[in-house]
1. Choose one answer from B:355, B:68, B:157: the residue with the largest mean-square fluctuation in a GNM of chain B with alpha-carbon springs under 10 Å.
2. Determine the relative contact order of chain B: mean sequence separation of Cα pairs under 8 Å and six or more apart, normalised by residue count, in whole percent.
3. Please report Rg (one decimal) and Dmax (integer) in Å for the Cα set of the range B:44-121.
4. For the charge dipole of the range A:1-151, defined by +1 on Lys and Arg C-beta atoms and -1 on Asp and Glu C-beta atoms about the Cα centroid, which residue among A:141, A:125, A:20 has the Cα displaced farthest towards the positive pole?
5. If you bin every alpha carbon distance in chain B into 20 Å steps from zero, what whole percent lands in each bin?
6. Work from the charge dipole of the protein assembly as shown (Cβ charges, +1 for Lys and Arg, -1 for Asp and Glu, about the Cα centre) and give the residue of B:86, B:229, B:118 farthest towards its positive end.
7. Over all alpha-carbon pairs in the range B:183-306, figure out the percentage whose distance exceeds 21 Å.
8. Net charge near residue A:111, counting Lys/Arg +1 and Asp/Glu -1 over other residues with Cβ under 12 Å of its Cβ?
Amino acid sequence: MIDFVGKKHWFFLISAILIISGIISLAVFGLKWGIDFKSGSQITLQFEKEVKLDQLRQELADLGYDRAKPQSAAAGEFLIRLQAISSDNYTQLKAGLEAGLATNITDSSLYTVSPIMAMGTVRNTVIAVIIASIGILLYISWAFRKMPKPIRWGICAVLALLHDLIIVIAVFSILGWAAGMEVDSLFVTGVLGIVGVSVNNIVVVFDRIRENLKRGVSSDFEVVVNCGIMESVGRSLNTGLATLFVIVALYLLGGVTIRTLILALLIGITTGIYSSLCIAGQLLVVWEKGEWSALLPWAKKTA
Amino acid sequence: MKKASKGLLIFIAILFAFALWVVLPNHGIGGRTGFTLGLDLNGGWRLFYSANLSMKDPSQTDAQALEGAKQTIERRVNASGLTEATVQIMQNEQGNFIEVQIPYTKERKISIDEVSKLVGQVAELDFREQVLNATGNTTWVTAKAVGSNGTEEKLTGAYLKPNAAPVMNPNTNKIEIAFEWNAEGAILFKQITTRNLNKPLGIFLDNELISAPTVQAVIEDKGVIEGNFSMDEAKTLAIQLNSGALSVPLTEIAPTEVGPTLGADSLKKSLLAGIIGLALIILFMIIYYRVSGLVACLALVVYTVLTLAVFKLIPVTLSLPGIAGFIVSVGMGVDGNVLVCERLKEELRRGSTLGRAVEQSFTQSWSAIWDSNVTVFIACAVLYWLGTRVFANPTVMGFAITLFIGVALSMFTQVVVTRAFLRTVVASGLAKSPRAYGVLEV
């Protein structure tokens, strides 16, 4: 039997390191907002010969415009949205495309464009997630009303949910300056997806703890919680693995245009499994036992 | 086999057959023969307008006028149900342009011509009174009155509350647009109707006379616009009045078709990757949980077809956020089945008979399935309400609606379909050994 609850200090420490470094990264570097949120350039191009969208996408990436978003339009015309470029770069880009695709550009124009997605949309998505979290908190508190102090279950569930969301956002912030990872409009969708997956995981584990409490497995709350977590491991890993099959397949084989969404889900589902097994129930135990001072491993030894 | 479960299996078979028929291409009921796909997945129309900034209100800067027009257009397309349209301002040395991309409109009860009219028209409404000019002819002059701050104001559509709506006049059987003034508009309208009692009052849209009813009484807060409107025209005008007039006149350059914003090439790859991922899930479930895994996969197939049928029939607009909601709901469906399969193994290990183990596995996993699904359900309801009513945020709305439907149907398939299938398998006596359910050590 693995002692999930006994090792809680280590889990809290790992999460604390991730969250704190993430918050520092967010405070210092923020998120790297992609071209969806910024003014940029849009080019319309008409090629002499037929050009396929994937060829154009590849050619743009080869020329260093890997974040450009080409879109096919009527009769061999393409619209390409990309970061703001100068007219010199524009001329070079056109020459590069003509050479790479072995055809002439018969017609082209360059525009400066406004953002596709307003920052207000991001802001109100965040507000929506916060309000939804309050709904989640209230429902879980009600669903566990027969447990002692049900509001704690609701609060711990939402804390574990926020834990997952913060880690995903933090990883994107770190990847932003470390690997140039940009946040686009699909990231917003990814964050919403994580709310769904994460809440599901937490409630399933809480349910198992509740069942063990009702059965009276032990008078020690810590043992009850650990039993509940132990019995959920099989299910959590199997569901997690099954979902990750799809996500990893999409990440490795899927198109590049949805990659931020898939990466967000990949990180979110992984931390979701972790937080449901290693954080949510442990928070309940800490609260029950009033061990707040012993949240970190070294504090436990001195206690 | 019990009669009741036979009846249930037949019901599931009929439901599945119907859903499958609906999902097939070119089938459906009520004219819903295709999925309603978003601009990002399926492409649509690109409307391109040149903005005539020389005609803007001189008190605004160019940037303000363009931004105002962009916001007005966003309100208009949102109000007409084309929620995931994109609107952007484009500028170069040749001028200032506004590009609007909308999804294909076939499934959305609005034609591209109507959209282009709805978007591109300035739609400035004003009320005019007749005055005698020097030559003795009557002309229409925009009605002015003293506003609450003591200055003289023109009575225009800017003072309307955003709740204009087409109504049928029961006496004339003609379609009119009912409107209400805001507080300031009511102050102006009262003075103007008082002054023009028993005289005609001209209602002009973009400097064209729509109608000139005779003022019958002093009116403050509300009124109707008469005219020879068709229902579609009246709806368009109501949306335009509610969204406000464009801050700058637009000239349309012919609409063209555009491909999906996420790129057809990329989407094709992703679809294939998704299918491979699903195949892996099925393989995993069958290898790990054997018979119950197979049953769970069959139930998931039923679930997927049912959900897609509902998406088609409502219809739900499927954009990437919607697909993400759907994927999460499939994940929760898989999870529900894993919960049941794990419980089944536990019960069998404890030495329960197969029949009892199946019943127990459902009873005991029910509270987890119920509470986790209802929690997500509530989160979705909150998100949907915020995404439509409060924020007009199509990402949040699209995600919430598909997850909401998905979770509801997932609970249904868990309780009804998986259980009926498992009971049937157990009753058939085809797989009796606990090993067949993934229990390796007995």
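1. Among B:355, B:68, B:157, the largest mean-square fluctuation in the Gaussian network model of chain B belongs to B:355.
2. 20
3. 13.0, 42
4. A:141
5. Percent of pairs per bin, in order: 20, 39, 25, 13, 2, 0.
6. B:86
7. Considering the range B:183-306, 69 percent of its Cα-Cα pairs are separated by more than 21 Å.
8. -1
The numbers here are math on the coordinates, done by the rules we state, and not lab data. The shown structure was predicted, so the numbers you read here are calculated from the model rather than taken from an experiment. Neighbour counts run over all protein chains shown; Cβ positions are idealised from the backbone, glycine included.
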